1. Using the basic label-point model (7 angstrom from Cα toward the beta carbon), what is the Arg165 to Ala203 distance in nanometres?
2. All other residues with a Cβ under 10 Å from the Cβ of Val104 taken together, and with Lys, Arg as +1 and Asp, Glu as -1, what is their net charge?
3. Can you tally the net charge around Ala195? Count Lys and Arg as +1, Asp and Glu as -1, for every other residue whose Cβ sits under 15 Å from the Cβ of Ala195.
4. What dipole magnitude, in Debye to the nearest 20, does the chain give about its Cα centre under +1 on Lys/Arg Cβ and -1 on Asp/Glu Cβ?
5. Sorted by packing (mean other beta-carbon atoms within 10 Å per residue), highest first, where do 13-19, 103-109 land?
6. Quick one: go through segment 98-129 and flag any residue whose amide nitrogen is under 11 Å from the point 7 Å out along the Cα-to-Cβ line of Glu45.
7. What list of ³J(HN,Hα) values in whole Hz, one per residue of segment 122-132 in order, does the Karplus curve 6.51 cos²θ - 1.76 cosθ + 1.60 (θ = phi - 60°) give from phi, with Gly and Pro shown as x?
8. What full-extension length gain, to one decimal in nm, is calculated for Glu139 and Arg24 as 0.36 nm per residue of separation minus the Cα-Cα distance?
Amino acid sequence: MRPRGVLRPTPGSARLWETKRGDRRELWTEAVGEPPPVYGERWTEDDERQFRLFEPGRSKLAAAVVRGWSGDLPAPRERWLYLGAASGTTASHVADLVGPEGRVYAIERSPRPFARLLTLAERWPNLRPILADAREPVEYAGLVPPVDGLYADIAQPDQLEIVVRNAGLLLAGDGGRLLVALKTPSMGRARSAPAHRDAFEKALVDLATLAPSVPLEPFHKGHFMVGGRWGRYARLPVRERHPPTMRRGRNRGRRES
Ligand code: SAM
C-alpha cells in the first residue's frame, strides 16, 4: 500500500520516518524483515523500501518519540542488547532502526513469547533471540559482543540493578546508549510515579549522563522513558527536540545532522 502522506526522515534516527496529514503525525520504521505484519501493524512502501507503522499505543519507544524524547535512538549499524523482548513487538522495530548491518540481542525469559520471538527472527535476520534471565548477564555474555546500546523493558521491581549489571558488563564503554522503559507501578505503591522516576535517575547519576526523561502517558500509564549515555561525563546528542504535536513553519521536513 502507498503511504497516505509524504514520508520524511526524522531527526532521531536515519531509519525512523514520519508522515503528516493535517494534525495527524505517524511514525514508521524502515523494515528489515518481510511481511506479514509482526503484530498486526500497518505496512506501506515507496519505490525502494517498506515501512512499518510504529504506534505509540503499542510500543513504549514510539510513545517516547511522540512525547519528545531528545536522547539517542538506535541507529544504523549499531548493536543493541534488548532486555524483556517478549514476542518482539518493539524489538522488531529496534531491529528495523539498526538496519540489516546492525544487531539486536533480545533477552526474554518466558518460553511462550520466546517461541514467537524465535519464529520472528527467521524473517528478521538481524534479531538474535536469547532465552535467559536478565538478572544473570554472565550467563549470556558469551553470546553477546560489546553493544552500542541497551534497551530495557522488563517491568520488574529491581529494574535498576538489572540495568546496571547488564550495562556494566555488556555496554561497549563510556558513551554507550541507555534506554529504559521504566514501569513505576512495578516499583511499589509507597511513592508516586514521578518520585520513582526521580529515585531511579538519582541512582544513575554517578554512572550515566541522562537525557531529560519523558512520561509515556497517555499511551502507557505510570511509565517513563529514562536514559542517556553511560559514563558520568558522556556527551549527549545535540539536536532539536521534536515537539509532540505537528511542527509548523520553515523547518518542516528538514533533516538535521
Ligand atoms: N518490550 C516488549 C515490547 O515492547 O514489545 C514488552 C515487554 S513486557 C512489558 C516485559 C517482558 O519482560 C515480559 O515478556 C517478561 O517475560 C520479560 N521479563 C521480565 N523479567 C525478566 C527477566 N528477569 N529476564 C528476562 N526477561 C524478563
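1. Each label point is offset 7 Å from its Cα along the Cβ direction, giving 1.2 nm.
2. So the environment of Val104 carries a net charge of +1.
3. +3
4. 1000
5. Highest to lowest by the protection proxy: 103-109, 13-19.
6. Counting only backbone N, you get no residues.
7. Working through the residues one at a time gives 5, 9, 10, x, 8, 9, 10, x, 9, 7, 6 Hz.
8. Stretched fully, the Glu139-Arg24 segment lengthens by 36.9 nm.
Bear in mind that the values in this text are calculations on the coordinates, not laboratory data. The shown structure was predicted, so the numbers you read here are calculated from the model rather than taken from an experiment. Reconstructed Cβ throughout: ideal geometry from the backbone, glycine too, with neighbour counts over all protein chains shown.
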